[in-house]
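Have a look at the structure below before the remarks.
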Amino acid sequence: MIPQVVDLTELRQNLPGYLDRVETGGIFLVTVRGKVVALIQPEIDEAEAAYQVKLSYRHKAWIGDVMTPRLIKNGLATVITCDTLFSPAIAVRAQARIFQHKDPANRLIAATAMELIAPLITQDRMLAAIPDLRVLW
């Protein structure tokens, strides 16, 4: 919203009306002798502002909650996706001795695939050598 300019004298004389307008989203630049001295606007809810920024990215990326897996179905396959790899079960599994991989990210990826009983698409030979991990490629 574009701020409206209001002189301090006008603001003082009609303060209740201006405050009503601020409550409904109005924004005012207060001037004294033509110089801006204040900005009056609704209180900004930081959490709501952050949420609105997040929503503005929805057309560029999938954004969802961080714990709930979701199923993506198309004509060829059903894919389980999740915004996070960290659940207690996956974290424990990633520390198991069967994972010889030194890269913790790869261990988490493999542990996630095993926990979700999903195939992992990779060319990594160390991951392909893990028993009970279904690997495609």
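The values are calculated or read from the model by the stated rules, or taken from the named source; none is laboratory data. Remember, predicted model here, so these are calculated numbers, not experimental data. Neighbour counts are summed over all protein chains in view; Cβ atoms, including those assigned to glycine, are modelled from backbone coordinates with ideal geometry.
Which residues, taken from region 1-11, are charged (D, E, K, R) and either under 13 Å from residue 37 (Cβ atoms) or outside the structural domain of residue 27 (by TED's automatic domain parsing) (or both)? Hit for region 1-11 is 7, nothing else.
Looking only at region 111-132, decide whether some residue is of a type in the set (Asp, Glu), modelled with pLDDT under 85, more than 30 Å from residue 10 (Cβ to Cβ) and not assigned by TED's automatic domain parsing to the domain that holds residue 11. Yes - at least one qualifying residue is present in region 111-132.
Which of the residues that make up region 89-100 are surrounded by fewer than 18 Cβ atoms within 10 Å (Cβ to Cβ) and either charged (D, E, K, R) or under 12 Å from residue 127 (Cα atoms) (or both)? Full working, then the answer.
So the first thing to find is which residues in region 89-100 are surrounded by fewer than 18 Cβ atoms within 10 Å (Cβ to Cβ), and the list is 89, 91-92, 95-98, 100.
Across region 89-100, the qualifying residues are 97, 98, 100.
Every listed requirement among (1) outside any loop (DSSP other than H, G, I, E, B); (2) loosely packed, with under 14 Cβ neighbours inside 10 Å; (3) not small (Gly, Ala, Ser) is met by residue 6 save one, (2).
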